[in-house]
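Since the structure comes first, as structure tokens, the remarks are kept for the end.
The values are calculated or read from the model by the stated rules, or taken from the named source; none is laboratory data. Bear in mind the structure is a predicted one, so any value in this text is a computation, not a measurement. A quick note on method: Cβ atoms are made from the backbone with ideal geometry, for glycine too, and the neighbour counts reach across all protein chains shown.
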Amino acid sequence: MRKFTVGLVAAAAALLAVSPAIAERPNTINGEIWLDVNEDGVRQAEEPPLAGVVVGLPGKPANATTDERGRYRFTGLADGTYEIGFNQPVGHGLTVPGRDSDVDWLRSGRHTVTVQHGSRQRVDAGYRKANHDRSVGIVEADRATIAVGERVTFKVFYGNVGNVADQIQLDARWGTGLKLESITGNVHHVWDNEVTTLLGAVAPSSAEPNFVLATFVATASGELSVDFSSPAGIEGDSNPANNAYRGHVTVLG
């Protein structure tokens, strides 16, 4: 019995001695990128790989670039959680997440993965030919008439009927008599009577309406307006008529 007990203790000690070495084994993250021709998130045999796509990983001195077979690879990684960044080549956007495409387009090409104990994690991404079609739509004011010193909030609807998740830029310009108090979104620039807001990744053909709320304080009386727009050909629809709308409010003295 004593020999058996000593044997168990020795075996346990040996396992404890090995465990740190296991934890220190380097990890690997790799995957393949391809052109999802039918945009279903499933890779068919006839769908080609995409070469030259840049994939980034924080903490690595250099990015990886996919080869002629669409493959990329990061090796020698310490245990931990990493956020991979998938660059979107000109004319392409991420496809829908599906059986073979792991990257969510609403995270702007980022994907989080955890590796440990010498593991190998595979992250694949499908891309599709991008059809950009974003626009600013109807503008609604919560009040048609206000007094000097009161507030009016405009609800600006915007859409994305393209086939890829896109960032939308919304510009607002107004004359004297109104002062911007707040606007939703990631405000990029603010001047005396102009603001540029970036709205983040907007899902394509979204069933839910997207809108921005912009609140102004009236500083003078009159028939006042705010022009909302999204630059045509850059962040908006190819038809300039779909990229601008004016919100009106009457301010009583």
Next on the checklist: Checking LEU94 against (1) without any contact (Cβ under 8 Å) to a residue 60 or more places away in the chain; (2) crowded, with 18+ Cβ neighbours inside 10 Å, only one condition comes out false. Which one?
Outcome noted: (1)
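Listed here are the residues, each with its yes/no results for (1) at pLDDT 90 or above; (2) surrounded by 10 or more Cβ atoms within 10 Å (Cβ to Cβ); (3) touching a strand residue (DSSP E or B) at 6+ places or on another chain (Cβ under 6 Å).
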site	(1), (2), (3)
ALA12	no, yes, no
ILE22	no, yes, no
ASN30	yes, yes, yes
GLN44	yes, yes, no
VAL53	yes, yes, yes
THR75	yes, yes, yes
Next on the checklist: Which condition from (1) buried (at least 17 other Cβ atoms within 10 Å of the Cβ); (2) at pLDDT below 85 is the one that VAL251 breaks?
Outcome noted: (2)
Checklist entry - Any idea which of (1) free of Cβ contacts under 8 Å to residues at least 60 places away in the same chain; (2) surrounded by fewer than 19 Cβ atoms within 10 Å (Cβ to Cβ); (3) aliphatic (A, V, I, L, M) is the one VAL103 doesn't satisfy? => result (2)
Item to check | Among residues of the range 84-122, those that are over 16 Å from VAL42 (Cβ atoms) and β-branched (Val, Ile, Thr), counted | outcome: 6
Checklist entry - Which of the residues belonging to the range 203-226 are assigned to a strand (DSSP E or B) and either exposed (fewer than 13 other Cβ atoms within 10 Å of the Cβ) or modelled with pLDDT under 65 (or both)? => result GLU223
Item to check | Search result, residues across the range 40-79 that are touching a residue at least 24 places away in the same chain (Cβ under 8 Å) and part of a strand (DSSP E or B) | outcome: VAL54, VAL55, GLY56, ARG71, TYR72, ARG73, PHE74, THR75, GLY76, LEU77
